Structures are given as structure tokens and as C-alpha cells.
Amino acid sequence: MLFNKWYLDDGVLAGTSLSVRAALDVISSLGPSLGLYINFAKCEVFGKAELSAFPSEITKRYHTPQLEILGAPIGNEEFCNNFVINKQSSVSFLLQQLQGLENPQLALALLRKCAAFCKMTHISRVTPPTLIKSSLSEFDDSIHHCFTECLALNLSPQSSGWKQACLSLSRGGLGLRSVAVHSTAAYLGSVSSSSPDLASSHYVIDALNLFNLQVSAEDTVSIPLPMKSHFQHDLSQRIENCQFHALYNSGSLADRARLLSISSAHASSWLQVVPSPRQGCDMATSEMQWGIKWWLGLPLTPELGVCAYCPDKALDAHHAVTCKFGGDVVACHNALRNAIFDFCKRALLNPKLEAGAGLGHERRLTRPADILIPSWSNGDKPAAIDVSITSPLKSNIFLVLHKLVSAIATDEDTAKLLFHAWYLDDGVVAGPKQSASQLLSQIEEVGSVDPQVALLLLRMCGAFCKMVHLARSTPPSLVAEGFRYFDNDIRHCFASCTGVDTSDDAWEQAQLSLSRGGFGLRRLSKHSPACYIASVCMSGLFSAPQQHLLQSIDDFNHCIPPSKAISFESLTNTPSSQKALSGELEDELFRQILSKSSVPDRARLLSVSSPHASAWLSVVPSPGLNLHLEPAEFQAAIQWWLGIGVAHGSLCPHCPHALDPLGHHALTCKHGGDVVNRHNRLRDVFAESCRRACIGVQVEAGSGLG
């Protein structure tokens with residue numbers, strides 16, 4: 001036998017007529033005993049010689065190899081193309097149904113996931129691309145026609161917009177890959193993973209030459225093909241890299257910025273989401289059409305008009321985003337202004353929108369401020385807050401960055417850089433002199449963006465836990481100086497992460513565990529004796545007193561009251577755990593802080609050390625679950641938690657009392673602030689519950705109970 005391959009109960013036999021007939025007889029005689037019976041109606045036989053030697057029940061007889069095996073066409077170019085065309089007929093009905101959908105967002109999602117490249121993946125992997133190139137091109141044309149009908153776009157197959165749509169979502173496209181283009185990658189990937197011994201076939205050589213014409217010189221491949229997983233994905237990525245760079249190089253500065261923007265991480269999430277009106281993830285037909293037009297760089301109107309706010313400017317997508325007199329810039333400006341106004345209102349600053357600032361000479365009103373705070377400093381000096389919105393798609397930014405990147409690429413001193421990449425005005429430059437930063441430095445960098453994440457990482461990854469093993473295995477007296485340096489580094493890192501400079505008293509509270517109202521940043525130099533004593537107790541080396549152990553016991557006893565003191569003899573009878581010893585240290589520190597605090601600070605300490613009060617500090621920051629605080633909110637919460645001033649002294653706008661620096665009045669004022677906000681929210685919850693129970697309810701109405 002020249003060939004004998006099986007997939008489950010489907011087999012292919014190849015050889016001389018006598019050998020194939022003999023193999024067929026073996027199957028017929030031995031198969032029934034195994035429960036296998038030949039269905040001659042499904043069998044096919046072909047050969048150049050006379051085929052009368054085979055059973056007459058086999059009606060499919062060919063003198064040329066024109067057959068289908070496991071969904072793969074075996075034959076000449078005409079037969080393979082006809083096979084693919086017949087395959088397309090089953091897809092044509094689906095494409096017609098998609099064109100009839102009135103929801104273009106849903107139609108595009110189904111087209112990409114159910115009717116485009118995925119329908120031809122198997123045929124592309126098992127058939128040489130040179131045999132089916134024309135039929136695959138027809139399939140690409142049908143996908144293009146369906147896309148333009150679903151989105152109501154006038155887009156030719158040769159346009160740059162359609163070339164971009166054929167890119168993957170991560171490259172700024174729509175995921176409608178061309179089967180004719182990527183069939184070479186599919187076929188070579190299949191040969192590499194299943195039959196590398198066929199690499200010398202002329203079909204493989206032709207596919208390889210065709211692939212190399214589609215990629216850049218550094219991305220070409222040669223025989224032998226590498227045997228690795230995801231080889232098809234790798235080859236398709238090379239094709240898309242070449243296509244993306246061709247679009248980028250042929251585009252204007254504005255188009256280049258658009259391509260870089262939409263190909264960034266998560267930029268295409270709106271195209272992958274399941275259209276769900278209940279979750280607010282659906283788009284109106286006009287919104288989807290305009291979004292796709294801007295995504296592909298197409299004109300938003302059939303004919304270029306003029307901006308309604310700038311008569312001297314042509315109306316295109318970029319101007320709609322960057323126009324300072326209307327459109328997206330004004331919408332963003334107003335949204336940000338209203339958010340700041342709401343924060344100021346909740347802070348009892350009595351802000352006013354679009355009011356005269358009165359900051360000119362001689363106290364005359366100048367221009368109106370976006371937000372005016374009448375009493376900002378000392379109760380009589382106002383403050384004006386102006387919001388400015390700028391778009392990264394403005395042409396002057398393109399020109400400046402283009403010159404900057406070009407200068408880096410052409411300068412002799414910077415030509416040796418290992419890496420320099422830019423996204424708009426954010427750049428990364430790496431060279432031989434750059435070294436890896438230490439863990440605390442990395443956390444400080446995180447803190448400059450998100451102090452909530454930084455503090456969580458500092459407590460869980462960079463503070464006491466980093467030195468626990470060393471503290472348990474090394475006598476504290478030998479590493480005391482190093483531990484003090486480490487404690488100073490942790491304090492410096494905390495200040496850099498949160499932007500809060502702590503006094504010595506506030507830092508003592510921060511060293512407490514979360515359950516006692518701190519941040520879990522235990523002082524290593526203070527807890528190291530407890531670590532070492534507990535380690536010796538649990539290790540079985542406690543038979544005789546040692547100098548380092550006795551010294552550690554003395555150091556520990558200096559930090560706790562005499563009634564709680566321990567000795568070598570007491571530890572011999574009742575060994576103590578590290579948790580128990582550290583708990584004694586924290587209890588004493590908490591009592592000391594409480595004893596020297598004022599009455600309001602005592603109330604605050606007892607409040608923050610109550611059960612579950614520190615849950616907001618242990619939660620994983622997740623914007624998707626509404627468990628994330630803005631940097632300013634988190635910083636203010638940290639300051640209040642530690643008893644550090646969060647506001648400048650001024651009068652409350654709702655009552656004649658002064659706003660104290662610690663924010664106590666803002667929390668307790670009955671005429672506004674937090675009390676009123678909580679009252680209104682709870683009231684609204686009750687009202688909504690009554691409405692859902694079909695109970696007629698009125699908010700803030702006379703009760704009639706007098």
C-alpha cells in the first residue's frame with residue numbers, strides 16, 4: 001500500500017488495483033466481527049486502469065481524482081474551485097439574512113463571527129491556495145457586498161477603508177480577514193503542524209512563494225517549515241503587519257494618528273461587546289454607521305459641508321472632534337465641568353456655574369468662570385476654576401510629534417537606542433544605560449497614577465512581608481540598622497504613593513494592622529524580636545537560653561507593659577506564636593495612641609478600628625465593580641483616616657459654623673453635606689421600593705398626620 005490513512009471510521013487507501021482490492025476484502029471479512037460494515041454507496045474509487053475488479057455496489061468511479069475527503073476537495077483546479085463555489089451557496093443564505101437585519105451592530109458581529117473567514121478556514125488549511133484562489137476571491141467579494149449593505153456604506157474593494165476593515169480588531173480593523181490573502185498562511189500552518197514531510201511538494205513551494213510576496217523581507221519564511229504551535233496565527237500576523245504599515249505609510253498625519261489610536265489596547269472593545277439593550281451595550285443604527293465611518297476614516301457626510309460653528313472650516317470627522325465651539329470638545333468640557341461642580345457641591349463649597357469670577361483689577365467682574373467658589377480662602381477670597389479640553393487629534397500635535405520622532409530616528413546619538421515607541425504624546429525610550437528599577441520604585445511609579453493600587457501593592461508585596469523570613473531567621477540585634485533603613489524606605493514610598501506627608505503620630509497609626517485602624521505597614525524594626533522569638537519557639541531549638549534570644553526577649557519587653565512581659569521560662573512552658581506576640585505590640589501601640597489623642601481623635605480611632613471599617617482598604621480596586629476611588633478621593637480618605645487636615649478653615653455655606661480642617665463638620669452638618677446626601681439617598685430607596693410595590697408615594701409631601 002502506498003497510502004493508508006484513517007480518521008475514526010473514514011479511511012483512504014492508495015496503491016495498485018490488486019493491493020487496494022485485497023485491502024477491501026480484508027475490511028469486508030474482518031470488519032463485521034468488530035461491528036464495522038462497509039457502506040459501498042458512500043465509497044468512491046478512481047484510477048487510470050479498468051475498475052471492474054471492484055464491487056459493483058461502488059457507483060462512484062472516476063478515472064481522474066475528483067473527490068471529497070473529510071470536507072477537502074481532491075482534484076484539479078476546476079474541480080476545487082467548483083467545490084468552493086458550491087460551499088459558498090450554504091453561506092449565501094446566511095449573508096442574505098444578515099442584510100435583512102435592521103440592527104447593523106448585530107449584523108456586523110454575526111458577519112465577523114459566523115459568516116466570514118471562519119466559514120472557509122478548513123478549506124483554506126487543506127487545499128493548496130493556488131487551486132482555489134479565484135473562488136476565494138469571489139467569497140471575499142460576497143463578504144464585502146454583505147458588509148456594505150448591512151452598514152449602508154459606499155465602499156469599494158480597492159479603497160483604503162475596506163483594506164483597513166480586513167485587518168483584525170487589534171490592528172484597528174473590523175476582523176473581516178480576506179480568505180484569499182490569508183489562505184497561504186492557513187495552508188502553510190496546516191502543512192507545518194500535520195505533514196512536514198510534504199514541504200517539498202510543488203503546491204507547498206507555490207504557497208510559500210505567494211506568502212513571501214505578501215510580507216516584508218524580514219518576515220519571509222523558507223523550507224523547512226518550523227514545527228510549532230499557532231504557526232498559522234504567526235503567519236497571519238506577519239501579513240497584517242505588512243498591510244498595516246502600508247496603510248500607515250500612505251495615510252496623512254491625521255490618518256496615522258487615527259490608526260495608532262484605534263489599534264491601541266482595548267480600543268476595539270465596543271466592536272466585540274454583545275449588543276444588549278438591557279446592559280446599555282447597544283447602539284442606534286445612525287450611531288453605529290457614524291462610528292464605523294470614523295473608524296475607517298470615511299467622510300461622515302456624502303458631500304463636505306462647513307461647520308455650523310466655524311463657517312471657514314470644512315466639516316469632517318477630525319474637525320467634529322476638535323472644534324472648540326461645538327461638538328465633542330464642548331460635550332467633554334461640560335461633562336468634566338459638571339463633575340467638578342458636583343464634587344465642590346458635595347464638599348459644601350457652594351459653587352456656581354458660569355458665574356462672574358470677579359478676579360480682575362479693582363475687584364471688577366472679568367469673564368465668567370466655569371466654576372466659581374465664592375469663599376475659598378479665609379472666607380472672603382473667591383476662586384475660579386476653568387476647564388480646558390484639547391484633543392490629541394489636533395494637527396499641531398501631529399506636526400510636533402512627527403518632528404520629534406523623526407529627530408530621534410535620525411540623530412547619531414539616539415540611533416543606538418534599543419527601543420523608542422510613541423502613542424500620541426506618550427513615549428517609551430530604552431537604551432543600554434537603563435536598568436531595572438527596584439520594587440519600591442516601581443510601586444512609586446504606580447502611585448503617581450493610582451494611589452489605591454499602589455497602597456495595596458505596598459502592603460501586600462513591598463512592606464513587612466518582604467522581610468518576614470529574614471526577621472524570623474536572623475537575630476534582630478544583627479540587622480537592626482538595616483531594618484530601620486527599610487522602615488524609612490517604606491515611609492518614603494507611602495508618601496510618594498499617596499501624596500500624603502504624615503506626622504510621627506499619624507505614621508504610628510499607619511503602622512497598625514487594618515483591624516486596629518492602620519494600613520498594615522508594620523514597623524519591621526519593632527516587630528523583628530517577635531518574629532525571631534516565635535521562630536525559635538517553633539523550631540525545637542528552645543532547650544537552653546541563648547544570648548540573641550534573651551536580647552530579643554528584652555527588646556520585646558521594652559515595648560509592652562510590665563504585666564504582659566514574657567520570659568524564657570514562660571515561653572518554655574507556653575510557646576507563643578508570632579501573631580500573638582505582634583498582637584501584644586499592636587495593642588500597646590494602639591493604647592498609647594489613644595491615650596494621647598483628643599476626644600475627636602479618640603472617636604475617630606475607635607470608629608476606624610471597628611469591625612469591617614477597613615474593608616475599603618482590602619478590596620481589589622476594580623472600576624467595573626465600582627470598587628475604585630479616584631486619586632483625589634483616595635488621598636482625602638487617607639488623610640481623614642489618619643487624622644490629617646483635609647480642608648482649609650472657612651465658614652460652612654449652609655450654617656454659621658466653621659469648616660474644621662479634619663472634616664468633622666462636613667460629615668455631621670444637618671443642613672448639607674454628607675448627612676443630607678445620605679438622607680436623600682435612603683429616602684429615594686424607600687420611595688422607589690414603594691413605587692415598585694404599586695403604593696402611591698410622594699416625596700417631600702405633607703404627611704397629614706397632625
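The values are calculated or read from the model by the stated rules, or taken from the named source; none is laboratory data. Because the structure is predicted, anything quoted here is derived from the model rather than measured. Cβ atoms come from the backbone with ideal geometry, glycine included; neighbour counts cover every protein chain shown. SASA here: full protein model, heavy atoms, side chains in, ligands and nucleic acids out. Shrake-Rupley method; radii C 1.70, N 1.55, O 1.52, S 1.80 Å.
A few points about this structure:
- Number of the exception - VAL599 against (1) out of contact with any helix residue (DSSP H, G or I) (no Cβ under 9 Å at 6 or more places or on another chain); (2) within 30 Å of CYS461 (Cα to Cα); (3) of a type in the set (A, V, I, L, M, F, W, C): (2)
- Here THR148 meets each of (1) surrounded by 18 or more Cβ atoms within 10 Å (Cβ to Cβ); (2) at negative phi; (3) within 32 Å of the chain's Cα centre (by Cα) with one exception, condition (1).
- Unique residue being basic (Lys, Arg) and within 54 Å of the chain's Cα centre (by Cα) when the list is LYS48, LYS42, LYS60: LYS42
- In the range 12-38, of all residues being open to solvent by 80 Å² or more (accessible area, probe 1.4 Å) and assigned to a loop (DSSP other than H, G, I, E, B), the one that is farthest from GLU57 (Cα to Cα) corresponds to THR16.
- Qualifying residue in the range 176-188 (condition: open to solvent by less than 40 Å² (accessible area, probe 1.4 Å), within 24 Å of LYS119 (Cα to Cα), in a loop (DSSP other than H, G, I, E, B) and modelled with pLDDT under 90): no
- Residue count, the range 56-80 (criterion: of a type outside the set (Gly, Ala, Ser) and in contact (Cβ under 8 Å) with a residue 24 or more places away in the chain): 6
- Within the set GLN88, GLN105, GLN97, the sole residue that is in a helix (DSSP H, G or I) and touching a residue at least 60 places away in the same chain (Cβ under 8 Å) turns out to be GLN105.
- Any hit, the range 75-88, residues being more than 39 Å from the chain's Cα centre (by Cα), aromatic (Phe, Trp, Tyr) and open to solvent by 20 Å² or more (accessible area, probe 1.4 Å): yes
- The helices (runs of 4 or more DSSP H) located wholly in the range 575-674 that include 1 or more residues which are open to solvent by 70 Å² or more (accessible area, probe 1.4 Å) occupy 578-595, 599-608, 631-642, 664-668.
- SER222 within 24 Å of LEU198 (Cα to Cα), at pLDDT 90 or above and of a type in the set (S, T, N, Q): no
- Comparison of GLN279, GLN243 shows that the only residue that is modelled with pLDDT of 85 or more and either closer than 24 Å to LEU111 by Cβ or touching a strand residue (DSSP E or B) at 6+ places or on another chain (Cβ under 9 Å) (or both) is GLN243.
- Qualifying residues in the range 511-534 (those that are open to solvent by 20 Å² or more (accessible area, probe 1.4 Å) and more than 21 Å from PHE486 (Cα to Cα)) - the one nearest to the chain's Cα centre (by Cα): SER515
- Those residues of the range 232-277 which are open to solvent by less than 20 Å² (accessible area, probe 1.4 Å) and under 23 Å from the mean Cα position of the chain (by Cα), in sequence order: GLU240, PHE244, ALA257, ARG258, LEU259, ILE262, SER268, LEU271
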